[in-house]
Amino acid sequence: MNAAILGYYYGLWGTLAYATYYLSFLTGGLIIDSLRFRHNCNSIQDFLRQRFGTVGTRCYNLVIGVRLISEVFANLLVFGLLFGAVGSQQYIGAIALFSLLTLFYAGRGGLHASLRTDVFQMGLFLAVLLTLVALMLGHSEFSTTDFLFKPFEFSDPGAVLIAVALLQVISYPMHDPVMMDRGFIADRQTTQRSFLHASWIGVFCIILFGLLGIFAGAHAQSGEAMNTVLTRLLGEVPMLLFSFSLVISAMSTLDSTLSSAAKLIVSDMKLGVESVDNGRKVMVLFMLAGLIMIYLGPKDLFSAVAVSGTASMYLTPVILFSLWGGRIDIPVWSYLIAFVVALAGAGLYFAETAGYLQLMEPLFGTVHKYNKLLIICLIVLTVGCSAFALGMLLSRRKLASVTYSTGDA
């Protein structure tokens, strides 16, 4: 849905920007491989505990919680937008129905059921997607020039979003428990191949689905919504397939999200006795939190990706310096600075897009939300990496001073 909407408004560049996020499977595979087979850790929490103590795990678990709630919010929003205008009875009813349905079957089977249904849901989604693309390519009004109805300019929102995605793609997978949890299941070779193939399959499907939005954008009349244009171009039955494919995708992601939420709270954080019933209670709480965000947060689907992706950027220096760089001399205060700045950046973007705050325009003279997001990401990344570099430098000097003093003695 994100890919289609971005394609509708910003053309091919908007769709490519969202597809760029799916390169996270490549960086995610490298992260998993390093965690398991270089540092011999059974989870990300294990690694952060070794490097930064309980502060490391608590900060990480908070960001993961934000990520999971935003994922619940985004997928519930898809259900609502497919069946009615924001705030309508159809919108509210669709969200309520699908939240209960997904909660029911996710609560019965957990991660095991999620993995099993993923295969079935992916097969259905791919069949429907290929059918829709075939209908688009065979349409009398279709032309390959439709894909370039928006010219590429570096100031274009789609181009700006590509830059944002490239900045976030290193840290993004590490804060995505749905992806990371699957990295600790199979042997090394199977895991490596899974993440590699997931990357190109993900990018391929996202671009294909985004082409539908681009097709609609190229033939849109003033004031028309994307679904209205597609219904006019493709007809009612294909649009039912369009909605069906999105429902499948959203349910597939939502059940995995709820399973990961239960694992995070009950197994990783040990908040309560590790039991199936407690896992189900956690699923209910996260579903309620997602519903609250539906009514308090922005109605922009990409906001969920942007907010959690910005918060995740505190992990970029962790990955570069500690995980891949192997540094063990990074002080906890460096980690905390990166964390606080990233969370502040995520909060600022959320407040700006939800209309609660207007700071970026007077400070930086920029109006578009993606320009604001790029500036926030650059600041977060610069401050975080600088804090790690400074911490490493001071640790070296301290060690050199202690060594020199010992030598004198």
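All of the numbers you see were taken from the coordinates with simple rules; none came from a lab. No experiment lies behind these values; they were computed from the predicted model shown. In this analysis, Cβ positions are derived from the backbone assuming ideal geometry, glycine residues included, and neighbour counts consider all displayed protein chains.
Over the chain, DSSP H runs of length four or greater, each weighted -39,500 (n - 2.57), average out per residue to a 222 nm ellipticity of -25500 deg cm²/dmol. With labels modelled as points extended 7 Å from the Cα through the Cβ direction, what inter-label distance (nm, one decimal) is found for Ser222 paired with His39? So the label points at Ser222 and His39 sit 5.6 nm apart.
Can you pull the Rg over Rh of segment 190-279, Cα-only, Kirkwood? Expressed as Rg/Rh, it is 1.18. With Cα atoms as the point set, the radius of gyration and Dmax of segment 214-334 evaluate to 20.9, 61 Å. Here the average projected area of the convex hull drawn through the C-alpha atoms of segment 3-97 stands at 8.6 nm².
When the chain is treated as a Gaussian network with alpha carbon springs shorter than 10 Å, the biggest mean-square fluctuation among Ala186, Ala163, Ala19 belongs to Ala186. When you restrict to C-alpha pairs under 8 Å that are six or more residues apart and normalise by the size of the chain, the relative contact order lands at 28 percent. Note on segment 2-300: Kirkwood hydrodynamic radius from all Cα pairs is 20.3 Å, rounded to one decimal.
Taking Ser99, Ser143, Ser252 in turn, the Gaussian network model of the chain (Cα-Cα springs below 10 Å) assigns the largest fluctuation to Ser143. Just so you know, the Cα atoms of segment 98-180 work out to an Rg and Dmax of 19.1, 49 Å. As a ratio to 2.2 N^0.38 Å, the alpha-carbon radius of gyration for segment 143-209 is 1.49. Remark: the Arg232-Phe154 segment gains 24.9 nm on full extension, using 0.36 nm per residue and subtracting the alpha carbon distance. Hey, with R₀ at 25 Å, roughly what FRET efficiency would Val284 and Leu126 work out to, going by the Cβ-Cβ distance, to 0.05? Once rounded, the FRET efficiency stands at 0.20.
For the chain, return all DSSP H helices satisfying: extent of Cα atoms along own axis at least 18 Å; mean Kyte-Doolittle hydropathy at least 1.0. Length and hydropathy pass: 89-137, 188-218, 236-262, 276-296, 332-354.
Ratio of segment 54-127's C-alpha Rg to 2.2 N^0.38 Å, to two decimals?
Ratio of Rg to 2.2 N^0.38 Å for segment 54-127: 1.37.
Against the empirical curve 2.2 N^0.38 Å, the C-alpha radius of gyration of segment 16-154 lands at a ratio of 1.44.
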